[in-house]
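Colleague: First the structure, then my questions, so here it is.
The values are calculated or read from the model by the stated rules, or taken from the named source; none is laboratory data. Predicted model only: the values in this text are computed from it and were never measured. Positions of Cβ are generated from backbone atoms using ideal geometry, with glycine treated the same way; all protein chains shown enter the neighbour counts.
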Amino acid sequence: MNQKIQVLNEHLANMIAAGEVVERPASVVKELVENSIDASSKTIKIDLVDCGLKSIKVSDDGTGIEKDEIPLALLRHATSKISSELDLFNVLSLGFRGEALPSIAAVSKLRISSCTDDIHGYSYLFDTGKVIEESSCAMQRGTQVEVSNLFFNTPARLKHLKNNYSELSLIIDYLTKAALSHPSIKFTLTNNTKVLFKTLGNNNVPSIMNEAFGKTTEEQLFAFSGQTDLYKFNGYASDTTLFRSNKNAITIILNGRVIKNSSLIYAICNAYNTLLPIGKFPVATIYIECDPTLVDVNVHPSKLEVRILDSKKVEEEITKTIYSALINRLNERYTITNEENFETKNESLKTVFKENETFKEYNNSTEEILEDPWQMFNAFEDKQKDVEIVEDEDDLEEEFENEEEIEQLTIADIPSNTNKNSFKNLQYIGSFYETYLILTNENTLYLIDQHAAMERVMYEKIKTAFSAPHNSTYELLIPITLEYSLSEINDILDSSISAELKKLSILAESFGDTTIIIREIPSWIPAGLEIEFTRDIIDHLLNNKLVNKQIMYESLAKSLACKKSIKANMHIRLDEVKKLLSDLDECEMPYTCPHGRPTIVKLTNYDLEKMFKRVI
C-alpha cells in the first residue's frame, strides 16, 4: 500500500465529490433544475428516457451561458453566484458551491448547449469531464443540458439504484417541490415522451398541490399566514379529511429554497395533534421568508439542510397559526345555527332507534362512574385542593430544555375558539346500534359517535387541569419501591437524573443495592397511577431523554379519557345526551377524539338527495 501523501488528480476528486452530490438520477434532475431556476427561467422542461437511467435532458428559457464560460462551468468550485466570503452568508440563489456540474460530468456523458441572444448558440460534449466535441447550434435563448449513461464508470453506484419506477417516483417528488417553491415557473416532466407532470406557471399553489397530491386536494385546503419578529410565513394545509401515511406531502420552502427540517415539520404536525388518526400526517406547503443572514445554507452539498437562527419562536407561531386556521375551517364546515331548544322528535322512529334509559349491561363498579362520567375528574380536582403547598410556583413552571424531544404546545397555548357551535340546540332523534347519536337541524342530519365525543370532552377537561400551574406535592402514605439493575440504580442516583427528578418534585432515595424508594410525588399525578407514572418518568430519564411534562400530560390525558368515557354499544339516557352535547359546546376542538377519529358526521339535505339520485 502506498503511504505517500499525494494530491488527487482532478477527475478522481470530481468522482469523489459526485458521491455526495450525485446519488441517483433525481440528484441530477435537482441540480440541473436549480441551475435553470437561478438563470431566471420561466419555462423548464425535463425529458427522461427510461426514468432517467438512460438519459436526462433539462431545457430552459433562462439567461443562458456565454460560449467561453461553458467549459469553466465544469471546473470545481466555479460559480457565478458568489464571489466573496460575505456572499456566502447572504445566499439567495439555489446553487452556489460550484460542485454540481463537474460532479455530474465525472460520472456521465454530458452535453451543454446554450444561447444568450436567440441567435448564436453553442454546444459542448463532455466525456467524464473532458471536452470531446464543440460546435455552433441554432436555438432560442436558454440552456439545454443532456446527461446520458449515468454512472457508466461507477458500476457499484449503478448497481445500488432502485428499480426504474422508484427512481422516477423520486424525480416526481422533487419536481413537485420545485414547482411549489417557484409557482411562477412552468414545469413539464416527460418520461419516454409521455407527460407525467405539468404546471401552468400561474402562481396558483393549490392548483399545483392538486396536480401533485390528487384531483380533490384543492377542495380540502385552507390558507394560513403569520409572522414573528424575524420571520414571515404563509401557505396551505389540508383539513382533517385529507391526510397521508408519511410526511412526504409536507413541503417547507425557506426563501425560495426547499429544505428538510424535522423541527418545522413537527411544528406543522403538532397543529393537528389529536385531530388526525395516529400515524397520519397532513398535506401542507409552507413558505417562510427571512433575512438570508439568519440562515446558514452551507451545511451539506445537497443544500437541503439549513441552520435557522432562533427557530423556536417561528415553530411555535406556525403551530398556533395553523391550528387556529384549521379550527375556523372545521367550524365553517360544522356550523350549527338552529336556535330551537333541545327536544326529541319523530316518535315513529323509536322502533328502529332506541332512546336508551339505563346502563343495564355494566357491572356496579363501572355503573357508579357512568352515572356521573365526570366523577373521576371532580375527584381529581378535589385532591388538588386538599394537598399541602410545599413549593414555589416558579420552580415547577421552569421549562426543560431537550434536544431530542420537541415540546408540545398545550391547549392553553392555542388561541381560543371564538366561533362556538351549539350542539345542545340540535334535535335528538335516537341512537343507532347504541353507538351513534342521530340528531337533526333544519335541513341537516348529524351522526355523533358517543364514545369519541365523550373522549374529547374528558380529554379536554383533564388536559386543562394538567396545563394549569401546579405548585404542590404530597407525601405518600405507602412509599413506592421500584426495582432496577445495579447499573440503572447508579444512573438514577447520578446528579443529572436526580436533579431532573427533583425538578419534577419526585424525591427518590436509595433503598438497597437495586431498589429506590419514592416518598413524595407531585400532586398532578392522579391517585392510582403513582407507580406507573413515576416509572415512566424514570425510564425516560434512563433513556437519556429529559422529561417534558406536557408530553406526559398528553399521554395520560388520552389514556384516562378513553378509560372513563361512555363506550360504544352502551345505553345512554336522554339527560346524558343533553349533557354530552352541552359539554361539546365547551370543547376547544369538538370534531375529533384525542386519537384523531371524527366525533361527528354531517349530511345535508343535498347530500341525501344526491345519494338517492334526486339531484345530479
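Colleague: I'd like to check something: does region 188-202 contain any residue that is surrounded by 20 or more Cβ atoms within 10 Å (Cβ to Cβ), assigned to a loop (DSSP other than H, G, I, E, B) and not small (Gly, Ala, Ser)?
Modeller: Checked region 188-202: at least one residue is surrounded by 20 or more Cβ atoms within 10 Å (Cβ to Cβ), assigned to a loop (DSSP other than H, G, I, E, B) and not small (Gly, Ala, Ser).
Colleague: Considering only region 125-146, state which residues are in contact with a helix residue (DSSP H, G or I) (Cβ under 8 Å, 6 or more places away or on another chain) and modelled with pLDDT of 90 or more.
Modeller: Thr143, Val145
Colleague: Continuing with this model, one more query. Residues of region 429-450 being within 35 Å of the chain's Cα centre (by Cα) and either farther than 12 Å from Lys602 by Cβ or small (Gly, Ala, Ser) (or both), which ones?
Modeller: Within region 429-450, Thr435, Tyr436, Leu437, Ile438, Asp449, Gln450 qualify.
Colleague: Can I ask one more? Among the residues that make up region 319-334, is at least one of them assigned to a loop (DSSP other than H, G, I, E, B), at pLDDT 75 or above and more than 30 Å from Lys579 (Cβ to Cβ)?
Modeller: no
Colleague: Can you tell me which residue among Lys215, Lys177 is surrounded by fewer than 16 Cβ atoms within 10 Å (Cβ to Cβ) and under 22 Å from the mean Cα position of the chain (by Cα)?
Modeller: Lys215
Colleague: Out of region 299-318, which residues are among the β-branched types (Val, Ile, Thr) and at pLDDT 75 or above?
Modeller: Result: Val306, Ile308, Val314, Ile318.
Colleague: What are the residues in region 227-249 that are surrounded by fewer than 19 Cβ atoms within 10 Å (Cβ to Cβ) and either in the same structural domain as Ser184 (by TED's automatic domain parsing) or closer than 30 Å to Ser40 by Cβ (or both), if any?
Modeller: Gln227, Leu230, Lys232, Asn234, Asn248
Colleague: Considering only region 474-533, state which residues are within 21 Å of Ala557 (Cβ to Cβ) and either part of a strand (DSSP E or B) or in the same structural domain as Lys463 (by TED's automatic domain parsing) (or both).
Modeller: Tyr474, Ile521, Pro522, listed by residue number.
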